[in-house]
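I have placed the structure first, in the form of structure tokens, so that the comments after it can refer back to it.
The values are calculated or read from the model by the stated rules, or taken from the named source; none is laboratory data. For clarity, every value in this text was computed on a predicted model and none was experimentally measured. Cβ placement follows ideal geometry from the backbone for every residue including glycine, while neighbour counts extend to all protein chains displayed. Just the protein is used for accessible areas: all its heavy atoms, side chains included, with ligands, DNA and RNA removed. Shrake-Rupley method; radii C 1.70, N 1.55, O 1.52, S 1.80 Å.
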Amino acid sequence: MPAKIIQPNTASYNRVDVNVVTVDIIENALRNARSEMDAVIFRTAMSPGIREQHDAFPIIANSNGLMVVGQFGSFIHGFLEAYDGTIEEGDVFLTNDPYSCNGAISHLNDWLVLMPLFHEGRLAAWAAMFGHMTDTGGRVPGSLPTDAQQIFEEGIQIPPVKIMRGNVLADDILKICLRNSRVPEWNRADLMALIAAVKLAERRIHELSLRFGADTLYSAMEMLLERNLNAFRRVIREVVPETPVSFADYIDDDGMGNGPFKIACSMWREGDRAIFDFSGTDPQSTSSVNYYLQDEQFKMIFGAYTSKLFDPQIVFNDGYYELIDVRIPEGSLLRPRRPAALSCRTHLLCRMFDLVSGLLGQGKPEAMCGAGWSASPHLMYSGFDAKGDWFQLYQIGFGGLPARPVGDGVDGHSLWPSFMNIPTEYLEAYFPLVIRHTQIIPDSGGPGLHRGGNGISIAYEFREPGEISIHDDRWMTHPWGVNGGKAAGRSKRRLDRISGASELVASKCDRIKVTKGDVLTMDTWGGGGWGDPLKRPARRVAEDARNGLITQEGARDYGVVLDKSFEVDEAATEALRARMAAEAGALQSFDFGGTIQELIDRCEVETGIPAPQRSSTERHAA
């Protein structure tokens, strides 16, 4: 049965007129409260993933669970559909199980805290925050086993439970959760930080209700959602065609030798509604790369991308969700059946942004972005130090963002705008390793009128024996360029042993033993280019070369010839560009670096790693 909300005060909220100034004040107060939630968690969490990298996402929602302010879209709809107990003032809920909350979160490392916010006996709003826990148990340190075949191998599964009841902490539940972690002190601190953040939101909602009145606060939040709905209705009519368009992209492999795996989607409009049909997406994997894509999460991805591209004045919230219809086949990569493993779902999650770009760009090519840093590659390093103490690092890498209609892609950044890099000083102070270098990889961004962002090379020298796990992608397929822009460089990983041996490391692997003095170099991929590279001003190409963003040889991909002083050879450049333009033919909407079959055929020659194996059904179109 559905959740039952216990409200001593049964009076309904009244919709009242609220002037625009008051609406703006309330909106900014809510946004400030969301920022305060971030500040609380980043100052009180212990794990570097949350404290330093900011892998946590807050929302404040109205009484129906629709996000009014936040970043990652509403988690509450899936929870309310799945939870069958009572919801009372002073309750705080905890879950990390995607299958118990309809995909409100998508793997076991993400611990989701939700709190109903009451005022004078009535449910006034919701607050929620989730953060990535460094370890939740399972078969490998970090709880992201590549070779897991069932979710039972990935760590503790926490169905929606009351971690606080009547504002009293459920110590017995907490003890069970922490007993299943290799770093319980981090998990405890991080969880308490999540709870503190939603508790802060409770105070702010109470203060706003006292200041403006409960009906005014309720009405202002409804107006903010309606404002978003009306704005998106216009945008959808402008950018989503009535005739279906389709697009497909791939993740390269599953870490067990299988792949590539296709994500396919068709998009069209029926009246004001945008339809997204994922028919044609591959069946669920036997490994852990599956991604339980909640409908609301895809709506968030579509809305975040679309609003920033086509109407940046839109205040992002869940108001437009009724305009989006998401259709995902059961048993597919994006809607796997329990107990399918989910821990390494990051690659599919992030690839959704590339997919939306490929769909929308077919109708609005002038507004299309290339493919880019659609991932959060993970490095885990763990073991016992010289004192016998356990250490465990979880770090997310950065790469090149795609070129955009308005300019170049950003070099060495995160897909998630709020993420921060872990400082080298922090890594070297708290973990037994030395960072040999962190540097831009020249020429890794796709050439174009607007250059794709470059990836990053980071070299870790391990100072204690241990083991590492890596979760990465785009080592075989390229981040694609658009509107004549070229594909970007791939990822690569090399492990140089203290013995003098050197080996290429697969993109998804666990239990790689390392010893003192071994050096792992991880090269991340770049962003695809935008527009004809022959039209990029030669002086800008020369400036990029002087700044170390491209090489002199790479300048020739733009038809630019540079001398030893990085000055443009005007005559040679004019001749080279004329020859390249004559040989190029018509500009292509997409440059994938080859068909999927061509990339498979060339894989080992170009990457040094054997191609993954396609299924016997030959489900991928070449």
Problem - Distance histogram in 5 Å bins (all Cα pairs of segment 127-206, percent per bin) - result: 3, 14, 21, 24, 17, 11, 6, 3, 1, 0
Practice task
Excluding ILE275 itself, calculate the net charge of residues whose Cβ lies under 14 Å from the Cβ of ILE275, where each Lys or Arg counts +1 and each Asp or Glu counts -1.
Solution key: -2
Exercise for the section: List the aspartates and glutamates whose Cα lies under 19 Å from the Cα of LYS162, skipping any in the same chain that are fewer than 8 positions away. Expected result: GLU81, ASP84, GLU88, GLU89, ASP91, ASP97, ASP110, ASP171, ASP172, ASP190, GLU202
Exercise for the section: Please give the helix 214-239 orientation as an angle from the longest Cα principal axis of the chain, in degrees from 0 to 90, rounded to the nearest 10. Expected result: 30 degrees
Completion exercise
Within the under-10-Å Cβ sphere about PRO260, not counting PRO260, Lys/Arg +1 and Asp/Glu -1 give a net charge of -4
Exercise for the section: Calculate how steeply helix 346-361 sits against the longest principal axis of the alpha-carbon atoms of the chain, using the helix alpha-carbon long axis, and give the answer as 0 to 90 degrees to the nearest 10. Expected result: 80 degrees
Handout entry: Net +/- balance of residues flanking ALA367 in space, Cβ distance below 14 Å, scoring K and R +1, D and E -1
Key = 0
Practice task
Give, rounded to the nearest 20 debye, the magnitude of the charge dipole that segment 286-388 has about its Cα centre when Lys and Arg contribute +1 at Cβ and Asp and Glu contribute -1 at Cβ.
Solution key: 400 debye
Handout entry: Amide H contacts of ARG404 (H built 1.01 Å from N, under 5 Å, at least 5 apart or other chain)
Key = GLY409
Completion exercise
Taking Cα atoms only, helix 570-584 is inclined relative to the longest principal axis of the chain by an angle, in degrees rounded to 10, of 70 degrees
Handout entry: Reachable lysines, given that their alpha-carbon falls under 20 Å from the alpha-carbon of LYS387 and they are not under 8 places away in the same chain
Key = LYS513, LYS516
Problem - Heavy atoms of ILE470 accessible to a 1.4 Å probe, total area in Å² rounded to 10 - result: 0 Å²
Handout entry: PHE261 accessible area, 1.4 Å probe, all protein chains in place, Å² to nearest 10
Key = 10 Å²
Completion exercise
Of the accessible area of the chain, computed with a 1.4 Å probe and all protein chains kept, carbon and sulfur make up a percent value of 50 percent
Exercise for the section: Please turn the phi angles of segment 203-210 into ³J(HN,Hα) values with the Karplus equation 6.51 cos²θ - 1.76 cosθ + 1.60 (θ = phi - 60°), one per residue in order, whole Hz, x for glycine and proline. Expected result: 4, 5, 5, 4, 5, 5, 5, 5
